[in-house]
1. Consider all pairwise Cα distances in the chain and report the whole-number % of them above 20 Å.
2. Can you tell me which of 102, 143, 43 moves the most in a GNM of the chain? Springs connect C-alpha atoms under 10 Å apart.
3. Note down the relative contact order for the chain as a percent, whole number, built from C-alpha pairs under 8 angstrom at least six residues apart.
4. Using a 10 angstrom cutoff on alpha carbons, build the Gaussian network for the chain and name the most mobile of 66, 14, 47.
5. Within the accessible area of the chain, what % is carbon and sulfur when the probe is 1.4 Å and the other protein chains stay in place?
6. Let me know the number of lysine pairs in the chain closer than 22 Å at the Cα, not counting same-chain pairs under 8 apart.
7. For residue 54 and residue 125, FRET efficiency with R0 = 25 Å and r from the beta-carbon atoms, rounded to 0.05?
8. Rank 20, 93, 40 by mean-square fluctuation in a GNM of the chain with C-alpha springs under 10 angstrom and give only the top-ranked residue.
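The values are calculated or read from the model by the stated rules, or taken from the named source; none is laboratory data. On a predicted model such as this, the values are computed, not experimentally measured, just so you know. Every residue, glycine as well, gets a Cβ built from its backbone with ideal geometry; the counts of neighbours run over all protein chains shown. Heads up: the accessible areas ignore ligands, DNA and RNA and are worked out on the full protein's heavy atoms, side chains in. Shrake-Rupley method; radii C 1.70, N 1.55, O 1.52, S 1.80 Å.
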Amino acid sequence: KLSVIIGEAMGCPQEELDILHFSGHLHDIGKIGIRDDILLKSSGLTQEEYEIIKTHPTIGANIVGQLGLWDKERDIIRSHHEHFDGTGYPDGLKGEDIPVLSRILAVADVYDAMASGRAYRRKMDESTVVEMIRERSGHHFDSSVVDTLIRLYQMGKIPRISDH
């Protein structure tokens, strides 16, 4: 939902909003290929476990690719953990090489993850989450997407996140 709100504010056409809606729901489908003892671990991950977690975008893209017809959705799912500075995964894409819808989904995904409770930590205050995302603007995230999130937050247009 948040990725669609950001996409609307950034002027994405309806077709792209539909793609964001679909991709947003399925972006982490690849986690079904990750063992529960890693996904649900209440302490920090080892480097080996983190490398396993980093495979979920590729697994998800492969799953969606098997459904056919959804090349754009597959690419967005594959690229939602790429970082604007090129330090992300799975392909180390940088800047404009990352699909714009993946850049939008990345910000929405991190916002949701930090503002929601997890097995390994409590949920964070939404204003703190926005500030942490702002600090990563231009490095981890596309600054135009972050600027849009901040503007929407200041306008009260960001939906409240409930614990999953």
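1. Looking at the chain, the distances longer than 20 Å represent 51 percent of pairs.
2. 43
3. Taking the mean separation of contacting Cα pairs over the length of the chain, I get 22 percent.
4. 47
5. Numbers: 4530 of 8860 Å².
The C+S portion of the solvent-accessible surface of the chain is 51 percent.
6. Qualifying lysine pairs in the chain: 14.
7. 0.35
8. 40
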